[in-house]
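Here is the structure we will look at.
The values are calculated or read from the model by the stated rules, or taken from the named source; none is laboratory data. Not measured: the values here are computed from a predicted model. Backbone-built Cβ (ideal geometry, glycine too); neighbour counts: all protein chains shown. Heads up: the accessible areas ignore ligands, DNA and RNA and are worked out on the full protein's heavy atoms, side chains in. Shrake-Rupley method; radii C 1.70, N 1.55, O 1.52, S 1.80 Å.
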Amino acid sequence: MSMSKIGPIPLSIGVVVAAIIMFNVSKKRRAQDNDNWRKDKKGGNGESSSDNQGNGSGKTTYRSLNHNSARQASLQQDERSMWSDEHLPSHLVRERMKEKRRKEKIPMLTMKSKMYDNITLCDPQGEALSKISKKKANWYIKKGLADFIDGKEDSVRLKFEPKARSQDADYGMSTKKNVCVACGEPENQMRFYIVPYAYRHLFPEKYKQHISHDIVSLCANCHLLCGQQTQIRMDEIEEKFNIVKKYSTDHRLYKVRSSALALMNWRLKIPAEKVSWHIDIVRRYLIDDCDLDDSCIKDETIPKDLLQKACDIDFRVLNTAFVPGPDLVVASMADDDEKLAKFIRAWRVFFLETIHPRHLPQGWSIEYPVHCMSTDYPA
Ligand SMILES: [Zn+2]
């Protein structure tokens, strides 16, 4: 039959056909993606590989950001958003909702003020020492330790001679742009810890104070990608410590909760004898564990508030032997400066290989000192 005999295809059929085509293309792309991911895991593609130095085990390859494909993915996302939910498969609708919720949270998570103020700190002779924040400059002024030069608020001069000079003048003196260090996006900046905060906050003070080299600014999209890959690497590092689970399951309570949920949600669809079985389990729990009188629930109906009580059971049991992974990882390097330095530099390498930053401040480097030698002029 020729097309002229069929006549024009109704718009709704066209939309459905287009949605099916999009679904198949997306499916193929996901399959390809998974395939590449599996190949990567085997260490096939050297471009984004990251050798786990420090506490990492073996050689693992992580996903890394390709700036062109990220832009393309964003365009495809916009294209997909043109289709209404009713024409999309349910897993794509769920993905879309997830993405929508993430985007709604972005304004709450982004920095309210810019990360770098780039105020020049000078010694008493007027020689530039480093760039500092407005907060720090005001702290010096308030303490009477420095003055603004020529009354301008973009540079301050110390009234005392610093004990030591900057460890790396190139990085310390560079003007840092308030953009995503990965892609250059100027909006929606989020602070990102190259060495995850979960580890960093457990480090000795000298590794945390006055050293901002390993805290950078990322846009929401790059932050998401880098955060996900960072978590994968953290899991891998912590895996070798055989961490006991934080919670174990009380199987009796789990069974009671399952029965209560079944009665609450699917009672009408469950065979009568199975309903009685569930009721018996919940009833025994309410009488034995909640000290309820048998008369409250003697018939085949459990009051809704009591059933809800059983649905809300917390069946998890806190394991007293549980120690968080980051605590074990940092404790394994306790007071060993060499191990800590190796650990920190491995995270810097990982960051470079994951996000391929194109806008890092001048002087940022893997070899930059890992702790501050002086407390005279913090960044
Ligand atoms: Zn970015």
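Structure above, values below:
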| item | result |
| --- | --- |
| Search result, residues across the stretch 226-241 that are within 24 Å of Lys100 (Cβ to Cβ) and either surrounded by fewer than 18 Cβ atoms within 10 Å (Cβ to Cβ) or within 12 Å of the ligand (Cβ to nearest atom) (or both) | Cys226, Gly227, Gln228, Gln231 |
| Single residue of the stretch 170-193 satisfying the filter (open to solvent by less than 50 Å² (accessible area, probe 1.4 Å) and away from the ligand (no atom under 15 Å from the Cβ)) that is farthest from Arg358 (Cα to Cα) | Gly172 |
| Failed item in (1) at pLDDT 95 or above; (2) open to solvent by 50 Å² or more (accessible area, probe 1.4 Å), with Asp337 passing the rest | (1) |
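Here's the yes/no breakdown for (1) acidic (Asp, Glu); (2) assigned to a strand (DSSP E or B); (3) farther than 27 Å from Phe241 by Cα; (4) open to solvent by 20 Å² or more (accessible area, probe 1.4 Å):
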{"position": "Ile279", "(1), (2), (3), (4)": "no, no, yes, no"}
{"position": "Asp291", "(1), (2), (3), (4)": "yes, no, yes, yes"}
{"position": "Lys309", "(1), (2), (3), (4)": "no, no, yes, yes"}
{"position": "Val329", "(1), (2), (3), (4)": "no, no, no, no"}
{"position": "Arg348", "(1), (2), (3), (4)": "no, no, no, no"}
{"position": "Pro357", "(1), (2), (3), (4)": "no, no, yes, yes"}
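Quick grid of which residues meet (1) of a type in the set (D, E, K, R); (2) more than 16 Å from the ligand (Cβ to nearest atom); (3) surrounded by fewer than 20 Cβ atoms within 10 Å (Cβ to Cβ):
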| position | (1), (2), (3) |
| --- | --- |
| Ser133 | no, yes, yes |
| Leu145 | no, yes, yes |
| Ile149 | no, yes, yes |
| Lys152 | yes, yes, yes |
| Val195 | no, yes, no |
| Glu205 | yes, yes, yes |
| Lys208 | yes, yes, yes |
| Leu224 | no, no, yes |
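Here's the yes/no breakdown for (1) within 23 Å of Phe351 (Cβ to Cβ); (2) more than 19 Å from the chain's Cα centre (by Cα); (3) at pLDDT 95 or above:
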residue: Leu145; (1), (2), (3): no, yes, no
residue: Asp150; (1), (2), (3): no, yes, no
residue: Ser155; (1), (2), (3): no, yes, no
residue: Ser166; (1), (2), (3): yes, yes, no
residue: Gln189; (1), (2), (3): yes, no, no
residue: Phe203; (1), (2), (3): yes, yes, no
residue: Asp214; (1), (2), (3): yes, no, no
residue: Asn221; (1), (2), (3): yes, no, no
residue: Gln228; (1), (2), (3): yes, no, no
